[in-house]
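Asker: I have a structure I would like to understand better, so I am pasting it below and will then ask my questions one at a time.
The values are calculated or read from the model by the stated rules, or taken from the named source; none is laboratory data. Given the structure is predicted, the values throughout are model-derived calculations rather than measurements. Positions of Cβ are generated from backbone atoms using ideal geometry, with glycine treated the same way; all protein chains shown enter the neighbour counts. What goes into the accessible areas is simple: the full protein's heavy atoms, side chains included, and nothing from ligands, DNA or RNA. Shrake-Rupley method; radii C 1.70, N 1.55, O 1.52, S 1.80 Å.
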Amino acid sequence: MKITFPKFLGLMSLVLLGATACTNSEFKRTKAGLQYKIYSDGRGETAKKGQFLKLQLVQKLRDSSLYTSYGTMPAYLPVDSPHNIYSPWEILSLLRKGDSAVAVLSVDTLLRKMNGQLPPFLKKKDKIVFTFKILDVFASEDLLNKDRTAELAKQKDREIKFVEDYLASKHIQAQKTAHGVYYVIQDPGTGAQVDSGKQVAVRYTGKLLPSGRIFDGNMTGPADPYKLVIGAGSVIPGWEDGLKVFKKGGKGTLYVPAFMAYDDRPGPGRKPFENLMFDVEVVDVTDAPPAAAVPQGMPNMRGIPQMGRPQQMQPQQARPQQAQPHK
């Protein structure tokens with residue numbers, strides 16, 4: 001029986017209840033012990049090794065959503081031959097275009113197999129529930145990249161609209177840089193201008209949009225101002241671009257769409273594709289130390305995705321780092 005995703009979501013409360021209790025006899029098990037259930041009409045071939053899946057993915061722990069691709073970018077995952085490894089990706093080669101599926105990862109089983117310690121947010125007897133909706137199957141990485149490029153353009157448009165709608169709802173009269181950062185100047189400053197090649201010392205408070213919840217900052221407490229060299233690629237593009245509107249002593253707020261922030265990378269207190277705001281104060285502007293190399297042009301605003309497991313499962317640093325892996 002073919003089940004559309006809206007209907008699939010309607011069944012999820014019953015399915016997840018059975019999965020959590022481990023009493024649903026309709027669930028199958030992989031060789032590694034992963035519980036799973038596939039909703040499919042059986043038409044078409046299952047995905048093969050070397051192909052790539054485009055899918056909507058939701059991860060839930062207890063009553064909380066750890067991750068969802070809905071409303072942002074779909075996930076892209078490679079298909080490999082089935083392995084005896086305890087992972088939700090075990091079932092990828094069993095899926096077809098249009099299929100929906102549920103996989104249940106037991107934390108107790110994971111702990112036994114990994115012989116390690118649990119992350120602080122996991123507890124014994126917890127179960128992480130993954131739900132999948134397969135949107136497409138690609139025969140090559142070139143086809144995947146073509147599709148992902150189109151999806152990235154749509155995501156960028158969604159992020160811009162989100163920030164602009166937020167500003168309008170709060171009656172905030174913001175200006176916009178050429179690269180897409182929105183800003184409000186409280187005090188432009190009177191000292192040296194922030195520019196490429198300059199070392200800047202910044203106090204800041206990072207907040208999520210639209211909640212305003214603080215996820216990082218050094219405005220209060222004994223922390224020193226955060227120092228960076230403009231153009232060196234050590235911070236998110238939104239800082240590289242937005243800080244240039246200030247001089248030494250300047251204060252204001254940057255409103256940064258996700259494509260100019262951390263993009264699809266999560267971190268402490270924030271999820272993938274989070275639009276952010278930063279209250280900033282430029283404490284000092286000086287010449288950069290001689291050892292600081294400044295590359296030409298703006299840093300790459302979107303890193304190449306690592307295939308193999310979703311970006312949302314990778315831990316990140318709390319600092320406003322550039323959307324590239326640390327060197």
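Asker: At 1.4 Å probe size, what's the solvent-accessible area of D157? Round to the nearest 10 Å².
Answerer: The accessible area comes out at roughly 100 Å².
Asker: Please give the per residue accessible area of the range 151-252, computed with a probe of 1.4 Å over protein heavy atoms only, in Å².
Answerer: Here the per-residue accessible area is 48 Å².
Asker: Could you please state how large a percent of the accessible area of the range 38-95 is carbon and sulfur, counting protein chains only and using a 1.4 Å probe?
Answerer: Summing carbon and sulfur atoms, their accessible area is 50 percent of the total for the range 38-95.
Asker: Hey, another quick one. Can you check how the C-alpha radius of gyration of the range 59-104 compares to 2.2 N^0.38 Å, as a plain ratio?
Answerer: So the range 59-104 has a normalised radius of gyration of 1.29.
Asker: Here is a follow-up. Which net charge results when you count Lys and Arg as +1 and Asp and Glu as -1 among the other residues whose beta-carbon is under 14 Å from that of T286?
Answerer: Summing Lys/Arg as +1 and Asp/Glu as -1 gives +1.
Asker: Can you tell me the relative contact order of the range 115-229? Whole percent, Cα pairs under 8 Å, sequence separation 6 or more.
Answerer: 14 percent
Asker: How much of R158 can a 1.4 Å solvent probe reach, expressed as accessible area in Å² and rounded to 10?
Answerer: Roughly 90 Å² of R158 is accessible to a 1.4 Å probe.
Asker: Given +1 on the Cβ of Lys and Arg, -1 on the Cβ of Asp and Glu, and no further charges, what dipole in debye does the range 107-171 carry about its Cα centre, rounded to the nearest 20?
Answerer: Around 540 debye, computed over the range 107-171.
Asker: Classify the range 32-116 as rounded, prolate or oblate from the Cα gyration tensor: take a ≥ b ≥ c as the square roots of its eigenvalues, call it rounded if a/c is under 1.5, otherwise prolate when a/b beats b/c and oblate if not.
Answerer: Taking the square roots of the gyration eigenvalues as a ≥ b ≥ c, the range 32-116 is oblate.
Asker: Would you kindly calculate the translational diffusion coefficient of the range 187-256, applying Stokes-Einstein with the Kirkwood radius from alpha carbon pairs, for 37 °C and a viscosity of 0.692 mPa s, and quote it in µm² s⁻¹ without decimals?
Answerer: Answer, rounded: 257 µm²/s.
Asker: Computing the accessible area with a 1.4 Å probe over protein heavy atoms, can you report the carbon and sulfur percentage for the range 192-293?
Answerer: That fraction is 51 percent.
Asker: Calculate, axis by axis, the spread of Cα positions in the range 82-215 along the three principal axes, and write the results as whole Å, longest axis first.
Answerer: Principal extents (Cα only, largest first): 63, 38, 36 Å.
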